[in-house]
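The next block holds one structure in the form of structure tokens; read it before the comments.
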Amino acid sequence: MGREAAGLNLHGEAMLDAVFEHLYNAMVITDADFDGGPFLQRCNPAFCAMTGYTEEELIGQSPRILQGPETDRKVIDELERKIRAGEFFEGSTINYRKDGLSYVVQWNISPVRDADGAIVAYVSIQQDITARLAAERERSLLAEALNAATDPVIVMDKNFIIVFANNAFGREVGRPVDDILGHSAFELRPRTAEGLAEPQIRRVLAEGSPYHGVVSFEAPTGKRLHVDLSISSLIGYHDPNGHYVAIAPNITHMVEQQMVLQEMANIDALTGLLNRRSGQIALEIELQKAAESGAPISVAMGDIDHFKRINDRLGHAVGDDVLRSVAGSLRDGLRRNDVAIRWGGEEFLVFLPNTPLDDAVPLTERIRNHVATTPQIASDSVTMSFGVGQWRPGESVAAFVERIDAAMYEAKSGGRDRVVSSP
């Protein structure tokens, strides 16, 4: 039984030796002699690799041989105070390798006591944390740089949960950054011209492509903001789950300017109605919808009666007032989905979606009557002659408009201030 116990003990010592030699972290054992020491009694290969010294060069030496000009004396003094008092010590400072290169070491030093409780040695687990600190400094510098950037930046995990947001993003959405972290980026309900942006963003990124597009969302102030959104996968980031980075510079001012310019290009400056170019495009779209759905659509074309006489007798300024007044009367007489266009000169075109001819004629009569009964400031009463017709499936836009135009001139030649239909 004694030999079995001794065998187990020897086996245990061999196991401890193997653990000591193969431990990943640097490990060193010193004695408890403070008369010039303590002195190194044993060190493992990881400690030799970290310091650049061989085991033979280290054994019997004081750990002070690793200290140098940038070693923090306050840390060393605290270390010595604690180990002299038999306390556990944890800290870090700069040490120096045999070749003179510095490194940042992190220690965990514990006293070893004998059966009587006296300190007989110290065991220290050490780690070179130079690279880790450098990486932390780089991350801190990157975060500072991102927070100094004027463009909003966020980092999301693969579930689009925000894990980082810079200060510019917080300002853009009107929320503190800490309130944003941990929330889905889609809580902002970004939209494109086609609708909610989330399905398209998810689809594009799932295909492995970066996403780029103009999206808008509503800020807490109620104002709709427009951003030039770019989202791509983080490359080189060692994370099996992956992350996305999104940059979203605010282009609201540019979009609003573009919308104004677009409106100026589509709207007749004098009457505020669609101009002929944009009106013709709108009419083509409505006819295509009617072709696909089979719903009826009718169009009325009106011309101001004796408009040349108004211009010649009262002047072009009064003529412009009349055009504006007629345009207002047309708008007042339209239903919600009807559209009025200044077709050219004193001609106006109105298209009436989902309206058969039997309904379009009385609607046009109502518009004609509204124009005729609207008081004019500087001219006699103004009347209009209208032609109205229902679109025939397969009929071209040009042929349809020409047919309505012919009906309108029939109304004019028949005495004016009337509606003529083209079945």
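Taking the criterion of being surrounded by 14 or more Cβ atoms within 10 Å (Cβ to Cβ), farther than 30 Å from Ala32 by Cα and in contact with a strand residue (DSSP E or B) (Cβ under 7 Å, 6 or more places away or on another chain), would at least one residue in the stretch 123-130 satisfy it?
The answer is no, given that none of the residues of the stretch 123-130 is surrounded by 14 or more Cβ atoms within 10 Å (Cβ to Cβ), farther than 30 Å from Ala32 by Cα and in contact with a strand residue (DSSP E or B) (Cβ under 7 Å, 6 or more places away or on another chain).
Quick check on the stretch 328-362: of everything there that is small (Gly, Ala, Ser) and touching a strand residue (DSSP E or B) at 6+ places or on another chain (Cβ under 8 Å), which residue is farthest from Ala295 (Cα to Cα)?
Selected residue: Ala340.
Filter the stretch 210-247 down to residues that are of a type in the set (Gly, Ala, Ser) and modelled with pLDDT under 90, then give me how many there are.
5
Which count do you get for residues in the stretch 78-100 that are part of a strand (DSSP E or B) and in contact (Cβ under 8 Å) with a residue 40 or more places away in the chain?
Count: 1.
Report those strands (runs of 3 or more DSSP E) wholly inside the stretch 111-222 carrying at least 2 residues which are touching a residue at least 12 places away in the same chain (Cβ under 8 Å) and more than 22 Å from the chain's Cα centre (by Cα).
Where strands (runs of 3 or more DSSP E) fall fully within the stretch 111-222 and carry at least 2 residues being touching a residue at least 12 places away in the same chain (Cβ under 8 Å) and more than 22 Å from the chain's Cα centre (by Cα), they are 119-128.
Could you say which residue among Ile310, Ile285 is exposed (fewer than 13 other Cβ atoms within 10 Å of the Cβ) and of a type in the set (Val, Ile, Thr)?
Exactly one of Ile310, Ile285 is exposed (fewer than 13 other Cβ atoms within 10 Å of the Cβ) and of a type in the set (Val, Ile, Thr), namely Ile285.
Looking at Arg403, is it on the phi > 0 side of the Ramachandran plot and in the same structural domain as Pro296 (by TED's automatic domain parsing)?
Here the answer is no, as Arg403 does not meet what is asked.
Determine which member of the set Thr355, Thr271, Thr364 is closer than 19 Å to Asp417 by Cα and of a type in the set (Val, Ile, Thr).
Answer to the selection: Thr364.
Taking only the stretch 1-57 into account, find how many residues are under 60 Å from the mean Cα position of the chain (by Cα), of a type outside the set (A, V, I, L, M, F, W, C), modelled with pLDDT of 90 or more and not in a helix (DSSP H, G or I).
8
State all residues of the stretch 58-71 that are surrounded by 15 or more Cβ atoms within 10 Å (Cβ to Cβ) and part of a helix (DSSP H, G or I); if no residue qualifies, say none.
Leu58, Pro63, Ile65, Leu66
Looking at the structure I just gave you, is Arg313 at pLDDT below 90, out of contact with any Asp or Glu (no Cβ under 7 Å at 6 or more places or on another chain) and either on the phi < 0 side of the Ramachandran plot or in a loop (DSSP other than H, G, I, E, B) (or both)?
yes
The values are calculated or read from the model by the stated rules, or taken from the named source; none is laboratory data. It should be emphasised that the depicted structure is a prediction, and the values quoted were computed from it without experimental measurement. Heads up, the Cβs are rebuilt from the backbone with ideal geometry, glycines too, and the neighbour counts pull from every protein chain shown.
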